[in-house]
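The values are calculated or read from the model by the stated rules, or taken from the named source; none is laboratory data. The structure displayed is predicted, hence computed values, not measured ones. Glycine also receives a Cβ, built like all others from the backbone with ideal geometry; neighbour counts cover every protein chain displayed. Side chains are part of the model used for accessible areas, which takes the heavy atoms of the whole protein and leaves out ligands, DNA and RNA. Shrake-Rupley method; radii C 1.70, N 1.55, O 1.52, S 1.80 Å.
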Amino acid sequence: MRSATLGLKPFLEELAGRLEGLDRDELGQVVLAHAEGLPAGQRAAFLEIFPPRRASARHRRVPPAAPAIDPEEAAQLLSDIDAFVETVRTGGYFQGWGWDHELREERAFGDESWVLEMDGLFEVAGGAFLDGALEFARDAYGKLLQAFSLDQEVGTFCGDRAAAEMVETDVGEAKARYLRALYETAPAAQRPQRLLEALEELDGIGPEASLQAVVDTRREPLPGLDAFLPRWVERLAAVPPEAYGFAREARRLLAEAAALHRGAEGLADLARRPGPDQAQAYLDWVDHLAGAERVAEAVAAAREGLGAVTGPAEDRARLAERLAGLAGAQGDPAGALDARRQAWRAAPSVARLLALAGACPAAQLSAVLDGEAVLLAAPPAGPGSRGAAAGEGPDRTACALLLAAGRVSQATAGLRAAAALGWGFPGHPGPVVVPYLLVAGSGRTAPPAEKGSRLAELFAGLDAPDWASGLGPEAWRDRTGGTAGGGPSLTGLLTRSLERLRLAPDERRRLLQQAREVVEERVTAVVAGQHRGAYQRVAELAVACAEAMALGAGTDAGNGFIAAWHARHPRHSAFRAELDRATGASPFLSVPPRRR
């Protein structure tokens, strides 16, 4: 499926504007250059665009306007569409469901000629739409688009992708054309309800719809738009938040309608209405202002939103993040830092911690992080306040802050309070605290640089949780203000903390011993419970601990730690094999000899 980047109206207007700037020779060069790159199969059709050579311009004639579609022909074409849809519904193209060795997944197999047939029917609907036969186009597009809903059932469409992705037709434009035809053929008073019903029926089919896309399907203005917009806003605002599967789409369309109707003022009105979507409404208003380069107003709107929104903490955090980006764009580092602090306090996450650190001048970083650590440990001051709950240790994110602030003992206490298993859960402090303690206990101020070190790999994995949870490059920039490749990182933040520790030998040994005890508890729990899927991970954890011991107390200490695991689990050959594999790759250890 090809993605629509321009509606017909803006495309034609832009094309006309560009053509006006070309003289005859320039236009000819452009056309010839384009024709030169056409595949052979498209050359004849391209020639048909232009009239044949004429001896004189006097002999040229304008082709007559296309006649309205004949009622009998229209009825036959709609009957053909019905027959096609019925064939799909009853499995006429479907042969079976099976494994695709190339895709390495299961899919529907069958006669994929349905793609060509459906594209042909869409082409008929499109021609009718462009010719102004809107009633026929409405019915034809509606039947064809609704047919895609059959793809939710096995035994209908076939192919290696979703049905809407198999066709060459631009489904997004077809959807917009259908909505325009529906709009123009409905009585003015019924247009909001008819459009809403159609959008709800087509929700999930093709790209998201928009009223602007509907407007852009024809060069002519959308009739009655000024009268339609206020009623459209009112109708969308009445969609209940609990409307299954459609509430989010209705809210997005409502923001668009408000902006088309009254611009920033319309969005401001929406934002000031209390409700579950108030935070998103403020974000829409802020983004509209920022897009119009009204940055100072956008900053004021974001600040107003932070004071008005009382919903989920994540909503407040998103508003604060938007404010931070705007303040930075205005050259207001203090405002950006304050907003990053608000985002972190509202809904702490590793990404927001890094963003906070990235907004701090180097001279203030220690004080800012320590201040947040103090606040984190304080008892809650009221509903929604952050603070350590009674009887609960700090989670992974809180421990990351504590370690960054140099409060190692508090982070270690959180680690010791956590279970031996469950490191895969997002809140478990083990994956953050243990690598830090091992590096600190090894006597180094940074993870080993030697190739193959499991301790270095374990420490580098500190940056993995945010990426594993789906925080891609765009979200990373939004959350941290940096870039995916060169922005703030947890490894960098904690390495800085390690450099500032200045541990005495007895303190270093104590941290290493605490880390060793936790590692032993985890490895024992996994191996004794025969959690075979975790054998590789705990073997590498044990080797990382052994490397820290080798660096801090000598090679014999590290090798002895590995040998002790072999002695404890003589019958767990799978675990021992993983242990030997990880040890063999280490630059600091050697694989113990096998016992006969």
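Computed quantities for the displayed model
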quantity: Total residues in region 307-321, condition open to solvent by 50 Å² or more (accessible area, probe 1.4 Å) and out of contact with any Leu (no Cβ under 9 Å at 6 or more places or on another chain); calculated: 4
quantity: Where a residue in region 291-302 is over 15 Å from L267 (Cα atoms) and its partner, wherever it lies, is open to solvent by 70 Å² or more (accessible area, probe 1.4 Å) and outside any loop (DSSP other than H, G, I, E, B), with Cβ under 7 Å and at least six apart; calculated: V295/A329
quantity: Residue in region 142-154 that is touching a helix residue (DSSP H, G or I) at 6+ places or on another chain (Cβ under 9 Å), open to solvent by 60 Å² or more (accessible area, probe 1.4 Å), under 25 Å from V215 (Cβ atoms) and not β-branched (V, I, T) present; calculated: yes
quantity: Residue check for A363: part of a loop (DSSP other than H, G, I, E, B), without any contact (Cβ under 8 Å) to a residue 12 or more places away in the chain and open to solvent by 50 Å² or more (accessible area, probe 1.4 Å); calculated: yes
quantity: Residue list for region 95-115, filter: closer than 24 Å to T169 by Cα, among the hydrophobic types (A, V, I, L, M, F, W, C) and open to solvent by 50 Å² or more (accessible area, probe 1.4 Å); calculated: L103, F109
quantity: Condition met for G206 (buried (at least 19 other Cβ atoms within 10 Å of the Cβ), outside any helix (DSSP H, G or I), touching a residue at least 40 places away in the same chain (Cβ under 8 Å) and not β-branched (V, I, T)); calculated: yes
quantity: Candidates T491, T495, T524 - the one that is in a helix (DSSP H, G or I), in contact (Cβ under 8 Å) with a residue 24 or more places away in the chain and either under 17 Å from R416 (Cβ atoms) or open to solvent by less than 20 Å² (accessible area, probe 1.4 Å) (or both); calculated: T524
quantity: Selection within region 527-562 - open to solvent by 40 Å² or more (accessible area, probe 1.4 Å) and either part of a helix (DSSP H, G or I) or within 17 Å of T583 (Cα to Cα) (or both); calculated: A528, R532, G533, Q536, R537, E540, L551, A553, T555, D556
quantity: Pairs where the first residue, in region 268-288, is under 25 Å from A329 (Cα atoms) and the second is open to solvent by 70 Å² or more (accessible area, probe 1.4 Å) and of a type in the set (S, T, Y), C-beta under 9 Å, 6+ apart; calculated: Q278/T310
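Residues are listed down the side, and each one gets a yes or a no for (1) of a type in the set (A, V, I, L, M); (2) under 29 Å from D119 (Cα atoms); (3) within 29 Å of the chain's Cα centre (by Cα); (4) in a helix (DSSP H, G or I):
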residue	(1), (2), (3), (4)
V214	yes, yes, yes, yes
L254	yes, no, yes, yes
R273	no, no, yes, no
A279	yes, no, yes, yes
